[in-house]
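The values are calculated or read from the model by the stated rules, or taken from the named source; none is laboratory data. Everything numeric here is computed off the predicted structure, so don't read it as measured data. Here Cβ is always computed from backbone atoms with ideal geometry, including for glycine, and neighbour counts include all displayed protein chains. Areas reflect the complete protein model, heavy atoms only, side chains present, ligands, DNA and RNA absent. Shrake-Rupley method; radii C 1.70, N 1.55, O 1.52, S 1.80 Å.
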Amino acid sequence: MGRITFSCVFVVLAFLLANTNGVEVGFYELKRGDFSVKLTNYGAVINSVILPDRNGKLDDVVLGFDSVDGYKNDTTYFGAVVGRVANRIGGAKFTLNGTTYNLVANEGNNILHGGPKGYGDVIWSVLTYKPDSHITFTYESSDGEEGFPGALSVAVTYMLIETNKLGVKFEAKAHNKATPVNLAQHAYWNLGGHNSGDILSHELQIFGSHITPVDAELIPTGELTPVKGTPFDFLELHKIGDRINELPKGYDINYALDGNSTTHFRRAAEVYDSVSGRRLQLWTTAPGVQLYTGNLVHDVKGKGGYIYKEHAALCLETQGFPDSVNHPNFPSQIVNPGETYKHIMVYRFTAH
């Protein structure tokens, strides 16, 4: 993808709700034409993305809840920013600069998406919010939070770019200790509409020729294995449901994206829904993307009372490799004091 310019101005509608801690939680809308994105500073969540199909019909294409209470009780991470370290860390511990850090496990013996109270379960501050352009949420993460070392200042900016593009920019500055940082956006996409059924007929292409295989607890083994000829092969566009039955539950795996640059955008994935004609193209500066097909979504009551079921959506979480703190051969996610972590992703939506 070529150079992207973020020359835009914000439109936001805020509906403020009183939080029990006296902190205000709001819903905010970015809108340009018939493309709109609704967000909340609870978990820096993407609550909805509304865009036209090939006939101009508008639909909301991400799963979510009607109220903040839904997100407070959520176990699916619908639309949330996850961190301090997205995905899993095996044994909920790692050693850095001679010190072993024991984290707060929340998935058996392991830690997932930052722990029992990761960034998807905190209230972010609103730094800037401008019409027809962008919103920036910030969060001050304390030294020792969920066991992670060092204070960390975190920001995520959602921005409307040109026509029907959504940019997401993560930044995090380490203050007093070296720490792992791996932030991801956990939106659940169904291009037919959040209430249209499953995504098994969606066609998917992933621009990664290798995966980081995992053990029975979904912790990477440290290897990189080729996808060609396996059920994980999405090198060419084909239906998600074509080979999903060859896997025990569905897809939940990290792809190592092709190319070795971390400073320029590379293609991560493309999704197409032939019924609506909607297409999602994803670019990122991150080295990996996690494909997850909503395998653990079971009868979740979502927006409008619709019941989300297994494979109701797919997640494409651009990220550093899972458990990289325990695999020196993986790209490092360590941020030293004074350094700034950056991770950008851009979604482009079309319909034909």
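Residues of segment 268-322 that are among the basic types (Lys, Arg) and under 23 Å from Tyr255 (Cβ atoms): Arg278, Arg279. Cβ separations smaller than 9 Å between residues 6+ apart or across chains give the following pairs from segment 32-50 residues that are without any contact (Cβ under 8 Å) to a residue 24 or more places away in the chain to residues that are outside any strand (DSSP E or B) and open to solvent by less than 10 Å² (accessible area, probe 1.4 Å): Lys38/Gly64; Ile50/Val61. Pairing each residue of segment 288-311 that is more than 30 Å from His264 (Cβ to Cβ) with any residue that is of a type in the set (Phe, Trp, Tyr) and in a loop (DSSP other than H, G, I, E, B), provided the two are 6+ apart or on different chains, yields C-beta distances under 8 Å for Gly294/Tyr188; Asn295/Tyr251; Val297/Tyr188; Gly302/Phe65; Gly302/Phe78; Lys303/Phe65.
Restricting Glu140, Glu162, Glu203 to residues that are under 30 Å from Leu235 (Cβ atoms) and open to solvent by 50 Å² or more (accessible area, probe 1.4 Å) narrows the list to Glu162. Being modelled with pLDDT of 95 or more, touching a Phe, Trp or Tyr at 6+ places or on another chain (Cβ under 7 Å), open to solvent by 20 Å² or more (accessible area, probe 1.4 Å) and farther than 23 Å from Ile253 by Cα is a condition met by at least one residue of segment 184-200. Sub-6 Å Cβ pairs linking a first residue in segment 260-283 that is among the aromatic types (Phe, Trp, Tyr) to a second residue that is open to solvent by less than 10 Å² (accessible area, probe 1.4 Å) and at pLDDT 95 or above, at least 6 apart or interchain, are Trp283/Val346, ordered by first then second residue. How about segment 76-99: which of its residues are assigned to a strand (DSSP E or B), open to solvent by 10 Å² or more (accessible area, probe 1.4 Å) and touching a strand residue (DSSP E or B) at 6+ places or on another chain (Cβ under 6 Å)? Val85, Arg88, Lys93, listed by residue number. Checking each residue in segment 20-61 for being under 25 Å from Lys117 (Cα atoms) and not in a strand (DSSP E or B) picks out Thr20, Asn21, Gly22, Val23, Asn41, Gly43, Ala44.
His210 meets each of the listed conditions (1) open to solvent by less than 30 Å² (accessible area, probe 1.4 Å); (2) over 27 Å from Ser276 (Cα atoms); (3) of a type outside the set (A, V, I, L, M) apart from (1). Among the candidates Asp258, Asp273, the residue that is of a type in the set (Asp, Glu) and crowded, with 21+ Cβ neighbours inside 10 Å is uniquely Asp273. Every condition in (1) assigned to a strand (DSSP E or B); (2) of a type in the set (A, V, I, L, M, F, W, C); (3) more than 26 Å from Pro287 (Cα to Cα) is met by Phe65 except one, and the failing one is (1).
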